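Quick notes on the structure that follows.
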Amino acid sequence: MTNKVLYFVCVAVLAVQFASAAFGGVRQDDVEQSVETVLSRLTLEQKIGQTWQCLGREMVEPASGDMSGEKLKESFLAGVRAGRYGSVIGKWGVENYNAIQRAAMEGVGIPLLIGSDMIHSAVTTYPIPLALACSWDESLWERVAEAMAAESLLQGCNWTFTPMLDVALDARWGRIAEGGGCDPLLTGLMGAAMIRGLQGEDMTDGLHIAACAKHYVCYGASLGGRDYNAVELSDDTLRNTYLPPFKMAVDAGVATVMPAFHSYNGVPCSMNAYLLRDILRREMGFGGMTISDWEAVKELVKHGTAADEADAAAQAINAGMDMEMVSSCYAKNLATLVKEGRVSMKTLDDAVRNILRVKFRLGLFDHPEIDKTKVTAAVDPAANRALAREAAQKSIVLLKNEADTLPLTSGAKVALLGDVAASEWQMLGCWSTKDLSKFENATLLDGLKADGVDVVYTEAYTLTGRVDTVAIERAVAEADVVIAAFGDYWEKSGEGASSSKIELPGEQLEAVRTVKACGKPLVAVVFGGRPMAFPVLAELADAVVMAWNPGGCGGWGIADVLIGAAEPWGRLTVDIPRTTGVCPLFYSQTTTGRPVVIDKSNPFGRRFTSCYNDVEPSALYPFGFGLGYTTFAYSGERAEVCGDVVVFSADVTNTGSRKGSELVQVYVRDEVAKIARPRRELKGFKRVELEPGETRQVEIKVPVNSLGYFVQGRYVVEPGRFTAWIASDSDHGRAIRFSIK
Ligand code: GLC
């Protein structure tokens, strides 16, 4: 078969493959034809131009972070017309965005992808992803993403670098704040829901934007929980723990994927053909484009795997990196590399095809400019604030509630303490809009007042500073109950914010002890972007709420839960460790040949079993845990294999005095496998709302195929014995047995 025929066979196969994908809006075989038509008329320089996402700041005068109000330089617009850039990064505002696209269409005739990090905030600021994940609510994730998509367009972006799908097992890693937590299934469900919300059914409707699954892959396994650090792990662990969320993202039709900064088994992800071509494209069938992380191509020289920037460019594009973010290794070297034969024209063409495909899927050739009237009409700021409030209500997790301290008794006098309790700024998170003027913001104090609580605020302490015990005693004397803000500032989590200790900073425990000495009930509200180790606080406080970074309407959301206007809905998607020293700590660890044995003689665990001799081996609070304002009992737990599904069922009873919802979770353990398997793995969940005293049979169907695992690159579902738990979290529940034939 001649090359040409083979070539068209490949294109045809590609077209068929994408015709079935859920891209909506445009017929994929039309897209492939359009891509070839555009590609065929591009010069070498114009092809190279498509592979560069340049930094916007140098293109406006004066340079600033937010380019929406700035005047575009003529030299920049001339470069756009010439096709020097396939994309720019940053929030440009609609006017500048449209000016850029007009210049592009007047010149090279190819619109730009314009991307930025609307991770949990485009205008309205929602809770950070780790908080949002704790809602376990696919509808909420999708609604938040869809609202962010329209607001991103008003920011002058048609692409956002989210969802972050890094399974994070180590609380020391600051970026644990940006993802779904420690479980592959939950992280993947959240990512797929956000992709559906961002990209919509029809990505060409001018109200949706391109999503980006990042950071591909296993970034959360970096050595020591340190950002950007090396990752060494087996191919089986890669496939069983870290790849599943990306497979779910590709199946959801994600437009772009961002490889991670780090090296995987010695080869940086940015130049790792095994990851980018063998797995992402051939195994997973990804048909979109890859975008490097910030200057990650240039960083290959620092990794010591590229001799210089030209070598970095060659290795990255040959491995499957389509577009380079910010650094200009491609722009400066690809022409020479192609002429020297170190990069084939087909490799460059394929990268450009992937880029053009996304632009066609977004409908940019048909409507390069943002229709501000249409988008403005679609954005309802009040509805978005209500959504942000709902998201905050559903993201916070009630961890302790002794003697029904919560919900607050109507009319109770509340003393509110701590700097964060009255800080708008600290309701934000690691990827928030930093311009507070852009939206209304609600502190916890605002929320309590808005909910009619008789509250008196006294700062008394900051999270990292001195404690004014006299001020605390004076404030508490006048109150029936104390609410105090603890944790850490949002700046201490997120990118480049790994911590060597995750205990509460400063003198916070002195504030806790002072309140306790006054003999009044203490409600501790813990803020922060990571699980922190706070065993003493948990022991002394009467109630503990994990509020994370709850977003611009977070104060209202927390107050709604504290007064009982909203029930505590959230369930943890990470384990809360007792100390830094036990990190990484995650519920789904494999067992060992000497599982921990706890006995009366040693609550830390019997010697010569896999424990520490100075701390309990269990999580302070486990994955899946969260309290409500009522209680539930489980009975009649069963697992029944029916063809290609296992039907798990249990009778769940509301044993309390208030209506409430229970998140019923299914965990499974494969008792005998070719490799050691997790002690428990989440396989399904369902929320059920019950009136006091009501019992309902809850049924959760799990595909038999999902009980398999990868071993030496092959996915196997083996007959054998399994144990399951139908429970309220990953540490509880009665074990039931079933077998697969
Ligand atoms: C950052 C982050 C990535 C982000 C990108 C663009 O370094 O690693 O998550 O999307 O650069 O800001």
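The values are calculated or read from the model by the stated rules, or taken from the named source; none is laboratory data. Because the structure is a prediction, the values reported are computed rather than measured. All Cβ positions, glycine included, derive from the backbone under ideal geometry; neighbour counts span all protein chains shown.
I'm trying to understand the selection: among the residues of region 118-144, which are within 16 Å of the ligand (Cβ to nearest atom) and at pLDDT 95 or above?
Step one: list which residues in region 118-144 are within 16 Å of the ligand (Cβ to nearest atom), which gives 118-122, 128-130.
Selection gives ILE128, PRO129, LEU130.
Restricting the search to region 581-597, which residues are closer than 19 Å to PRO535 by Cα and surrounded by fewer than 17 Cβ atoms within 10 Å (Cβ to Cβ)? Hit for region 581-597 is GLY581, nothing else.
Just checking, which of VAL144, VAL80 is farther than 16 Å from SER432 by Cα, hydrophobic (A, V, I, L, M, F, W, C) and either more than 24 Å from the chain's Cα centre (by Cα) or part of a helix (DSSP H, G or I) (or both)? Exactly one residue qualifies, and that residue is VAL80. Residue-level analysis places GLY506 among those that are at pLDDT 95 or above, more than 16 Å from the ligand (Cβ to nearest atom) and in a loop (DSSP other than H, G, I, E, B). Taking the criterion of being more than 16 Å from the ligand (Cβ to nearest atom) and of a type in the set (D, E, K, R), the residues of region 101-117 that qualify are ARG102, GLU106. None of ALA421, ALA415 is closer than 23 Å to THR514 by Cβ and either in contact with a His (Cβ under 7 Å, 6 or more places away or on another chain) or outside any helix (DSSP H, G or I) (or both) except ALA415.
Scanning region 151-185 for residues that are in a helix (DSSP H, G or I), away from the ligand (no atom under 13 Å from the Cβ), of a type in the set (A, V, I, L, M, F, W, C) and buried (at least 24 other Cβ atoms within 10 Å of the Cβ) turns up LEU153, ILE176. Among residues of region 323-350 that are more than 26 Å from TRP159 (Cα to Cα) and surrounded by fewer than 16 Cβ atoms within 10 Å (Cβ to Cβ), those with a Cβ under 9 angstrom from a residue that is of a type in the set (Val, Ile, Thr) and modelled with pLDDT of 95 or more, sequence gap 6+ or separate chain, pair up as SER344/VAL338; MET345/VAL338.
Kindly establish whether ASN272 is more than 18 Å from MET321 (Cβ to Cβ), in contact with a strand residue (DSSP E or B) (Cβ under 8 Å, 6 or more places away or on another chain), more than 16 Å from the ligand (Cβ to nearest atom) and not hydrophobic (A, V, I, L, M, F, W, C). In short, no. What pairs can you find where one residue is in region 293-312 and in contact (Cβ under 8 Å) with a residue 24 or more places away in the chain, the other is part of a loop (DSSP other than H, G, I, E, B) and away from the ligand (no atom under 16 Å from the Cβ), and their Cβ atoms are less than 7 Å apart, with a gap of 6+ or different chains? Partner pairs satisfying both residue conditions: LEU300/ALA306; ALA312/ALA306. Can you find a residue in region 357-374 that is surrounded by fewer than 23 Cβ atoms within 10 Å (Cβ to Cβ) and under 30 Å from ALA547 (Cβ atoms)? The answer is no, given that none of the residues of region 357-374 is surrounded by fewer than 23 Cβ atoms within 10 Å (Cβ to Cβ) and under 30 Å from ALA547 (Cβ atoms).
Filter region 501-527 down to residues that are out of contact with any helix residue (DSSP H, G or I) (no Cβ under 7 Å at 6 or more places or on another chain) and among the small types (Gly, Ala, Ser) and give me whichever is nearest to PHE623 (Cα to Cα). Only one residue tops the list, namely GLY506.
Here ARG714, ARG734, ARG696 are screened, and the one residue that is touching an Asp or Glu at 6+ places or on another chain (Cβ under 9 Å), charged (D, E, K, R), more than 24 Å from ALA133 (Cα to Cα) and surrounded by fewer than 15 Cβ atoms within 10 Å (Cβ to Cβ) is ARG734. Looking at region 351-377, which of its residues are farther than 24 Å from LYS298 by Cα, of a type in the set (S, T, N, Q) and touching a residue at least 24 places away in the same chain (Cβ under 8 Å)? The one that is farther than 24 Å from LYS298 by Cα, of a type in the set (S, T, N, Q) and touching a residue at least 24 places away in the same chain (Cβ under 8 Å): THR376. Which of the residues that make up region 691-741 are farther than 21 Å from ILE675 by Cβ and among the hydroxyl-bearing types (Ser, Thr, Tyr)? THR695, SER728 - these are the residues of region 691-741 that are farther than 21 Å from ILE675 by Cβ and among the hydroxyl-bearing types (Ser, Thr, Tyr).
Of the listed requirements (1) surrounded by 15 or more Cβ atoms within 10 Å (Cβ to Cβ); (2) modelled with pLDDT of 95 or more; (3) touching a Lys or Arg at 6+ places or on another chain (Cβ under 9 Å), THR609 misses just one: (2).
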